[in-house]
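Participant: Pasting a structure here, questions to come.
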Amino acid sequence: MTPTAHLPAAAPAATRPNATRRILRTLAEVACLPYIALKIAWVAGSEIGIPAGSVLLDHRTLLIVVNSVSVIADALVVVLALLLTQPWGLRVRAWLLAVPVWAATGLLAPIMIGFPAQMATSLFTGPQRHESGGRPFLDEWVFGVVYGGFIVQGITLGTLFFLYTRDRWGHVWRGTLGDLPARFSGTGARITAVVAALLAIVPAVPHVMWALGSTSGLAAARVLERTSDFYVLEWMRLFFAAVAVVSVLLLVFQRARSLPVRTVLGIGWVGSGGLGCWGAYMTLVSLMPETDPVEAHTGLMQLTYAGEMITGFLLAGCLAVFLRRRSASA
């Protein structure tokens, strides 16, 4: 993307938010409150929502640090909601907006798909206990409150971002893949996409194994957690990897030429974010100190998460190249 100064003037709707955008902004901000309130309570020493004996109480210092960072991260949602609906948001450079929105998309999209899928599955399998190695983790109501808020955040922020980009950069996604000049994305992006597609096999193999019931390479505690929720998440990780790789390959090699650029670009954006950002998050989690060997992540689990992270970031790089070229050509 190019700096704001080189882009067309924003539409009046983006400069003066209408009632719909104001409502969406308010909903996004309100949806942050339950999560932030819980995290602040835990940092302050409260154990609301944390049952006695929970693994979360084993490392109180780490609990405080992680939850403090979480509060700051979710507070950024409020900043993004304001940025997407205020005149000063139009002056923000493209990359400074794209990076946090891509990260937010990547962290929220799997929850928006995975949590409802888990709830639907539980209708057939019965309620699932959220445990770690047979020990309690959080009270059941916490998951509904927190993930429900995340879903609202994802819907509202996603809608606001779509409206914002349509006003500011709508020219970037117009037309179909067939309308693009031959080899539009360049050789570098094509090579990177192929490397990412091959690299995606590394985390895909363990996820297929675990989704089909294998316990090879799983931590002992994770073996005990293999409820229907576990299998839903394993198949979802494979789904995100597949759509990310396929959409980016279609985009940079300009296959399926009748497909709209907007559709392929959007799927690639969500897919690469879900793959890369959750891979990065799980990589950080797996590297945190763990005194109980039953809870410790195995080398294969760490390799799987790192493979997802690197693959997602490479695919996102291909999208960045495409967007920069399309913006410049327009």
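Participant: Pairs, please: C-beta under 7 Å, at least 6 apart or cross-chain, first residue modelled with pLDDT under 95 and in the range 177-190, second part of a loop (DSSP other than H, G, I, E, B)?
Facilitator: Taking only residues 6 or more apart or on different chains, the pairs are 177/254; 177/256; 177/257; 177/259; 178/257; 178/258; 180/254; 184/254.
Participant: Restricting to the range 173-192, and then to whatever is of a type in the set (A, V, I, L, M) and outside any helix (DSSP H, G or I), can you tell me which residue is surrounded by the fewest Cβ atoms within 10 Å (Cβ to Cβ)? Quick ask: steps written out before the conclusion?
Facilitator: Our first condition is that a residue be of a type in the set (A, V, I, L, M); within the range 173-192, this holds for 177, 180, 182, 189, 191.
Retained after the next criterion (residues that are outside any helix (DSSP H, G or I)): 180, 182.
On the way: 180: 18, 182: 5.
It comes out as 182.
Participant: Consider residue 168 carefully, then state whether it is basic (Lys, Arg), over 30 Å from residue 83 (Cα atoms) and out of contact with any strand residue (DSSP E or B) (no Cβ under 9 Å at 6 or more places or on another chain). Working first, answer last.
Facilitator: Working: basic (Lys, Arg): yes; over 30 Å from residue 83 (Cα atoms): no; out of contact with any strand residue (DSSP E or B) (no Cβ under 9 Å at 6 or more places or on another chain): yes.
No.
Participant: Which residue pairs have Cβ atoms under 6 Å apart, sit 6 or more places apart or on different chains, and have a first residue in the range 85-103 that is touching a residue at least 24 places away in the same chain (Cβ under 8 Å) and a second that is open to solvent by less than 30 Å² (accessible area, probe 1.4 Å)?
Facilitator: Pairs that qualify, where the first residue is touching a residue at least 24 places away in the same chain (Cβ under 8 Å) and the partner is open to solvent by less than 30 Å² (accessible area, probe 1.4 Å), are 85/17; 85/21; 89/83; 102/273; 103/277.
Participant: Please work out if residue 195 is free of Cβ contacts under 8 Å to residues at least 60 places away in the same chain, assigned to a helix (DSSP H, G or I) and either buried (at least 17 other Cβ atoms within 10 Å of the Cβ) or in contact with a Leu (Cβ under 8 Å, 6 or more places away or on another chain) (or both).
Facilitator: Working: free of Cβ contacts under 8 Å to residues at least 60 places away in the same chain: no; assigned to a helix (DSSP H, G or I): yes; either buried (at least 17 other Cβ atoms within 10 Å of the Cβ) or in contact with a Leu (Cβ under 8 Å, 6 or more places away or on another chain) (or both): yes.
When the stated conditions are applied, residue 195 does not pass them.
Participant: Which residue out of 28, 75, 81 is under 19 Å from residue 160 (Cβ atoms), out of contact with any Ser or Thr (no Cβ under 9 Å at 6 or more places or on another chain) and open to solvent by less than 60 Å² (accessible area, probe 1.4 Å)?
Facilitator: Details: 28 fails: out of contact with any Ser or Thr (no Cβ under 9 Å at 6 or more places or on another chain); 81 fails: out of contact with any Ser or Thr (no Cβ under 9 Å at 6 or more places or on another chain).
It is 75.
Participant: Moving to a separate point now. Here is a list: 158, 170, 149. Which entry is at pLDDT below 90 and in a helix (DSSP H, G or I)? Walk me through it before giving the result.
Facilitator: Numbers: 158 fails: at pLDDT below 90; 149 fails: at pLDDT below 90.
Criteria check complete, one pass: 170.
Participant: Testing residue 257 on (1) farther than 21 Å from residue 103 by Cβ; (2) assigned to a helix (DSSP H, G or I); (3) not aliphatic (A, V, I, L, M), one condition comes back false. Which one is that?
Facilitator: Evaluating residue 257 over (1) farther than 21 Å from residue 103 by Cβ; (2) assigned to a helix (DSSP H, G or I); (3) not aliphatic (A, V, I, L, M) leaves (2) as the failure.
Participant: Next question, about the same structure. Open to solvent by less than 10 Å² (accessible area, probe 1.4 Å) and either part of a helix (DSSP H, G or I) or at pLDDT 95 or above (or both): which single residue out of 284, 300, 315, 323 fits that description? Walk me through how you get there before you give the answer.
Facilitator: Working: 284 fails: open to solvent by less than 10 Å² (accessible area, probe 1.4 Å); 300 fails: open to solvent by less than 10 Å² (accessible area, probe 1.4 Å); 323 fails: open to solvent by less than 10 Å² (accessible area, probe 1.4 Å).
Answer to the check: 315.
Participant: Any residue in the range 50-75 that's on the phi > 0 side of the Ramachandran plot: show its pairings with residues that are in a loop (DSSP other than H, G, I, E, B) and at pLDDT below 85 at Cβ separation under 6 Å, as long as the two are six or more apart or on different chains.
Facilitator: none
Participant: Taking the range 198-213 on its own, how many of its residues are part of a loop (DSSP other than H, G, I, E, B) and open to solvent by less than 50 Å² (accessible area, probe 1.4 Å)? Write out each step before concluding.
Facilitator: Looking only at the range 198-213, we keep the residues that are part of a loop (DSSP other than H, G, I, E, B), and these are 200, 212-213.
Retained after the next criterion (residues that are open to solvent by less than 50 Å² (accessible area, probe 1.4 Å)): 200, 213.
So the count comes out to 2.
Participant: Could you list all residues from the range 222-257 that are open to solvent by 60 Å² or more (accessible area, probe 1.4 Å), at pLDDT 95 or above and farther than 24 Å from residue 120 by Cβ?
Facilitator: 246 - this is the single residue of the range 222-257 that is open to solvent by 60 Å² or more (accessible area, probe 1.4 Å), at pLDDT 95 or above and farther than 24 Å from residue 120 by Cβ.
Participant: Another one. What's the total number of residues in the range 265-293 that are more than 28 Å from residue 166 (Cα to Cα) and either touching a Ser or Thr at 6+ places or on another chain (Cβ under 9 Å) or not aliphatic (A, V, I, L, M) (or both)? Steps first, please.
Facilitator: Residues of the range 265-293 more than 28 Å from residue 166 (Cα to Cα): 279-293.
Add one more test, that the residue is either touching a Ser or Thr at 6+ places or on another chain (Cβ under 9 Å) or not aliphatic (A, V, I, L, M) (or both), and what stays is 279, 281-283, 286, 289-293.
Residues in the range 265-293 being more than 28 Å from residue 166 (Cα to Cα) and either touching a Ser or Thr at 6+ places or on another chain (Cβ under 9 Å) or not aliphatic (A, V, I, L, M) (or both): 10 in total.
Participant: Would you mind finding the one in 45, 89 that is among the small types (Gly, Ala, Ser) and either outside any helix (DSSP H, G or I) or open to solvent by 30 Å² or more (accessible area, probe 1.4 Å) (or both)? First the steps, then the outcome.
Facilitator: Numbers: 89 fails: either outside any helix (DSSP H, G or I) or open to solvent by 30 Å² or more (accessible area, probe 1.4 Å) (or both).
Within the list 45, 89, the selection yields 45.
The values are calculated or read from the model by the stated rules, or taken from the named source; none is laboratory data. What you see is a predicted model; the values in this text were computed from it and never measured. Cβ atoms come from the backbone with ideal geometry, glycine included; neighbour counts cover every protein chain shown. All accessible areas refer to the heavy atoms of the entire protein, side chains included, with ligands and DNA or RNA removed. Shrake-Rupley method; radii C 1.70, N 1.55, O 1.52, S 1.80 Å.
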